[in-house]
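Remarks on the structure that follows.
The values are calculated or read from the model by the stated rules, or taken from the named source; none is laboratory data. No experiment lies behind these values; they were computed from the predicted model shown. Positions of Cβ are generated from backbone atoms using ideal geometry, with glycine treated the same way; all protein chains shown enter the neighbour counts. These accessible areas exclude ligands, DNA and RNA; they are computed on the full protein's heavy atoms, side chains included. Shrake-Rupley method; radii C 1.70, N 1.55, O 1.52, S 1.80 Å.
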Amino acid sequence: MDNKKKTGSVRVWRRIIQVISFLALPGLFTSIFYAMKEIYSGILAGTFSLSAMFPQLLLFLGSMIITILTGRFFCGFLCSFGAMGDFLWYLTKKTGKKGLKVSEKVDGWLKNLKYVILMFIILGIWTFHLGNLDSMTGPWAVFGMYSKIGSLPSVRYLFTTGGLLLLLIIAGSFLIERFFCRYLCPLGAVFAILSRFRLFRIKKERSKCGSCRLCTSKCSMGIPLYQYDTVTSGECIDCFECTSVCPRHNARANGAPVAVSAVSAAAMFGLVYAGNTQAQMVSSQTPVTVQVQSNTGNYIDGTYTGTGQGFRGETKTSVTVKNGNITDITVLSYEDDKPYFSKAVEKVTAEIINSQSTEVDAVSGATFSSNGIMESVANALNVSYNNPNSTLKSEGRGHHGKK
Ligand code: SF4
Ligand code: SF4
Ligand code: SF4
């Protein structure tokens with residue numbers, strides 16, 4: 001296959017993998033980031049357990065090892081947030097706009113912002129608990145709500161802090177290619193550090209370039225490629241635009257990009273699958289102890305159904321009340337991503353039954369799923385519950401389970 005065909009097929013492959021990843025694993029980037037958070041927080045709190053955190057370790061360490069070996073294939077091929085950036089930039093180009101010209105110097109400074117954000121999250125939020133990124137303060141959380149094909153959540157999420165940040169990111173992505181990835185993404189900062197050690201690199205001999213700087217002007221991440229014979233920058237996301245546009249076939253990848261990208265994508269999907277399987281095994285081995293404290297509880301005996309707003313849509317539960325107490329909660333349906341929901345469901349339902357209250361602690365890293373379960377139980381029992389991710393009011397929608 002000649003070079004032009006090869007680079008053309010990489011572009012096609014990239015788009016296909018981006019679409020598949022967007023549809024199949026839209027929240028993968030948040031999963032990796034929150035896996036990092038849970039490992040870090042577990043170590044910090046002294047609660048880290050190899051067996052309990054195996055799925056998180058598998059996902060986080062696996063994606064880091066893939067990055068060290070092959071570079072940022074995740075960013076170029078698999079990340080749905082990055083794919084959104086590519087799509088918005090495509091619209092800018094399609095409409096004949098040029099976007100915003102940022103000088104090389106300013107671009108270089110702004111790229112350091114993501115490291116500052118990463119440090120703030122690790123120290124400020126994860127270490128000193130100055131805020132909670134699981135809540136509506138995060139643009140990723142709001143993106144998760146709108147990235148589900150076939151459902152259109154309320155526009156009110158756009159008027160949360162996370163929603164307004166997402167709108168700013170979208171506006172920035174129309175103006176600057178991969179705006180969020182270049183300047184703001186904390187996960188991108190981790191990948192950028194690790195990918196400096198990558199084995200798989202783009203090569204271009206400057207002696208063959210003459211005065212051409214085409215690849216520099218087309219680089220998705222604004223890397224000054226004219227300075228390199230071999231691209232060592234951690235900013236490179238393996239998009240292969242440089243190899244595609246080079247008129248002299250001088251910019252090329254060392255390795256077969258199609259094969260490496262396919263293997264990287266398969267490895268990531270494998271990690272997610274193995275992590276989910278392990279999470280389910282751990283979950284099914286964890287005994288749930290539920291003690292109903294009295295037989296004179298506050299609720300009217302019966303079985304009720306209710307709904308609540310989870311991360312991606314409605315969670316529906318059936319709640320059984322005997323002798324005035326909540327004795328059983330069964331999830332009838334949910335729309336959240338399985339890894340998050342599985343993480344929340346046993347702990348939240350057990351705590352609701354133990355405390356006989358719908359206001360229990362959300363599970364860290366699965367706040368939205370936890371809120372959806374709590375709200376659906378409250379809705380079934382007709383008790384009030386203020387779900388921050390809901391447009392619905394629990395009170396008055398469900399059956400009358402409260403005495
Ligand atoms: S930099 Fe962040 S948002 Fe961009 S592709 Fe990478 S992980 Fe996704
Ligand atoms: S160096 Fe090439 S592969 Fe890397 S980000 Fe720039 S255009 Fe994409
Ligand atoms: S596009 Fe090709 S010829 Fe032009 S600067 Fe880049 S590597 Fe050199």
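Which pairs turn up if I take residues in segment 201-214 that are hydrophobic (A, V, I, L, M, F, W, C) and look for partners that are within 11 Å of ligand 2 (Cβ to nearest atom) with beta carbon separation below 7 Å, at least 6 apart in sequence or on another chain?
Once the first residue is hydrophobic (A, V, I, L, M, F, W, C) and sits in segment 201-214, its partners that are within 11 Å of ligand 2 (Cβ to nearest atom) give Ile202/Val231; Ile202/Cys236; Ile202/Cys242; Ile202/Thr243; Ile202/Ala251; Ile202/Ala253; Leu214/Val245; Leu214/Cys246.
Give me the residue from segment 199-218 that is within 11 Å of ligand 2 (Cβ to nearest atom) and over 18 Å from Lys101 (Cα atoms) and, out of that set, most open to solvent (accessible area, probe 1.4 Å).
Here the answer is Lys203.
Can you tell me which residues in segment 340-373 are closer than 16 Å to Pro55 by Cβ, in contact with a Gly (Cβ under 7 Å, 6 or more places away or on another chain) and in contact (Cβ under 8 Å) with a residue 60 or more places away in the chain?
Hit for segment 340-373 is Lys343, nothing else.
Do we find a residue being more than 8 Å from ligand 3 (Cβ to nearest atom), touching a strand residue (DSSP E or B) at 6+ places or on another chain (Cβ under 8 Å) and open to solvent by less than 30 Å² (accessible area, probe 1.4 Å) anywhere in segment 219-228?
For segment 219-228, residues more than 8 Å from ligand 3 (Cβ to nearest atom), touching a strand residue (DSSP E or B) at 6+ places or on another chain (Cβ under 8 Å) and open to solvent by less than 30 Å² (accessible area, probe 1.4 Å): absent.
If I ask for residues that are at pLDDT 85 or above, outside any helix (DSSP H, G or I) and not polar (S, T, N, Q), which ones from segment 321-359 would you list?
Across segment 321-359, the qualifying residues are Val321, Lys322, Gly324, Ile326, Asp328, Ile329, Val331, Leu332, Tyr334.
Residues that are farther than 18 Å from Met268 by Cα and in the same structural domain as Ile169 (by TED's automatic domain parsing): does segment 61-82 have at least one? Outline the logic, then answer.
Filtering segment 61-82 for residues farther than 18 Å from Met268 by Cα gives none.
No.
Write out, first by first residue and then by second, each pair whose Cβ atoms fall under 9 Å of each other, whose residues are 6+ apart or on separate chains, and whose first residue, in segment 102-119, is under 11 Å from Arg182 (Cα atoms) and not assigned by TED's automatic domain parsing to the domain that holds Leu175 while the second is open to solvent by 90 Å² or more (accessible area, probe 1.4 Å) and of a type in the set (Gly, Ala, Ser).
Listed by first residue and then by second, the contacts come to nothing, as the list is empty.
Yes or no: Cys212 within 8 Å of ligand 3 (Cβ to nearest atom), in a helix (DSSP H, G or I) and either of a type in the set (A, V, I, L, M, F, W, C) or within 23 Å of Leu69 (Cα to Cα) (or both)?
no
Kindly provide the set of residues from segment 51-103 that are touching a Gly at 6+ places or on another chain (Cβ under 6 Å) and within 16 Å of ligand 2 (Cβ to nearest atom), ordered by number.
Within segment 51-103, just Cys75 meets the criteria.
Where in segment 39-127 are the helices (runs of 4 or more DSSP H), entirely inside, with at least 3 residues that are at pLDDT 95 or above and surrounded by 12 or more Cβ atoms within 10 Å (Cβ to Cβ)?
By residue number, 80-94, 104-111, 113-119.
How many of the residues making up segment 56-94 are of a type in the set (A, V, I, L, M, F, W, C) and over 17 Å from the mean Cα position of the chain (by Cα)?
Count: 8.
Taking Ile193 as the residue in question, decide whether it is β-branched (Val, Ile, Thr) and assigned to a loop (DSSP other than H, G, I, E, B). Write out each step before concluding.
Working: β-branched (Val, Ile, Thr): yes; assigned to a loop (DSSP other than H, G, I, E, B): no.
No.
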